1. For the residue pair residue B:16 and residue A:11, what label-to-label distance in nm results when each label sits 7 Å from Cα along the Cα-to-beta-carbon direction?
2. Defining a contact as two alpha carbons under 8 Å apart and six or more residues distant in sequence, what relative contact order in percent does segment B:35-151 show?
3. For a test of the definition: using alpha carbon positions, the gyration tensor, and the 1.5 limit on a/c, classify segment B:70-151 as rounded, prolate or oblate.
4. Going through the cross-link list B:4/B:119; A:63/A:107; A:3/A:110; A:83/B:6; A:82/A:128; A:3/A:101, which pairs have a Cα-Cα distance over 30 Å in this structure?
5. Using 10 Å bins from zero, what percent of all Cα-Cα pairs in chain B falls into each bin?
6. Describe numerically, in nm with one decimal, the distance between label points set 7 Å from Cα along Cα→Cβ at residue B:122 and at residue B:27.
7. Evaluate E = 1/(1 + (r/R0)^6) for residue A:143 and residue A:117, where r is the Cβ-Cβ distance and R0 equals 25 Å; express this FRET efficiency to the nearest 0.05.
8. Report, in degrees rounded to the nearest 10, the 0 to 90 angle that the Cα long axis of helix A:25-35 makes with the longest principal axis of chain A.
Amino acid sequence: MGKQIYYEDIEEGISMPSFCKHTTTRQLVRWAGASGDYNELHYEKDFAIGKGYPQVIVQGRLKAAFLGQLVTQWMGELGTLKKMACRYRDVDFPAKDIICKGKIAKKYVKNGEYLVECELWTEGEGGKITTSGSAIVSLPCKKVK
Amino acid sequence: MSSKDKVEALRAKIGMEGKIGIIECGNFLIRRFVEAVGDPNPLWHDEPALDGTYRRTMLPPFLFCSSMFSGAATYPELPLPYERILDGEAEWEFLQPAWSGDTITSVTKFIGFEQREGKSGHMIMLNFEATHHNQRGELVAKTQATLINLQ
């Protein structure tokens, strides 16, 4: 976990630190067990091929959780995640890199809260955006103790 | 029943709720979840205190992204016209923190649908909303989700 960020530290347009997820079929199985999603599309190769995919695909909601990790890691222990949204635009496959990225779209004060709107997304093979999303985070403010 | 009839049958299901989901959110569930994601954030990891007890762990808010809270496991049964189903999009609102030891009750309602033509043909966008309450009846999160039913 990095240093705590504060509202004053943020400028619109800056990027969040990104990270790379290199999923494995084992991770997809662990997510299936942890999340309750037992769709065979994510762990049975023949089933996925029967549905028109070259192999099993990464769960969309696992990618949403990756973006949740990205924004909660960035906001620090004193930040609060208020909202998050995701649109699943394309598939990702295990054993391929999924890059998780975000940037600050807007910052404003509302009802005494110091709020930041973020754009979030995952990039798959060739830099293609496979998941797009957003988040609203409340950050601590240095001048308010 | 033809696809057209099933679309009409869907209309009659607007407002229908799925099975109530009751999840006891202990440290084991949280640990299994964050290990599956690969998230090392110490906020979600139970750490032993010096006296050998464990501190109470916060539920990662994106736990509500998982199916058991707001996915297929909670949706009402609907007469779907087509065989293929994909997650389209979702939005989660986190109203207050949830903690290990909380029991979360989730209720999902089918609120409506839209019909669209896509690259692979006709598709139905199914819209759901879910509420997630803790054992004290406090609303901790809400979900809006869209499932795509397509040919």
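1. 5.4
2. 27
3. prolate
4. From the list (B:4/B:119; A:63/A:107; A:3/A:110; A:83/B:6; A:82/A:128; A:3/A:101), the Cα-Cα distance tops 30 Å for A:83/B:6.
5. 11, 35, 28, 17, 7, 2, 0
6. A separation of 5.5 nm, rounded to one decimal place.
7. 0.75
8. 60
The values are calculated or read from the model by the stated rules, or taken from the named source; none is laboratory data. All figures in this text were calculated on a predicted structure; none of them were measured in a lab. Backbone-built Cβ (ideal geometry, glycine too); neighbour counts: all protein chains shown. Note: areas computed on protein heavy atoms with side chains; ligands, DNA, RNA excluded. Shrake-Rupley method; radii C 1.70, N 1.55, O 1.52, S 1.80 Å.
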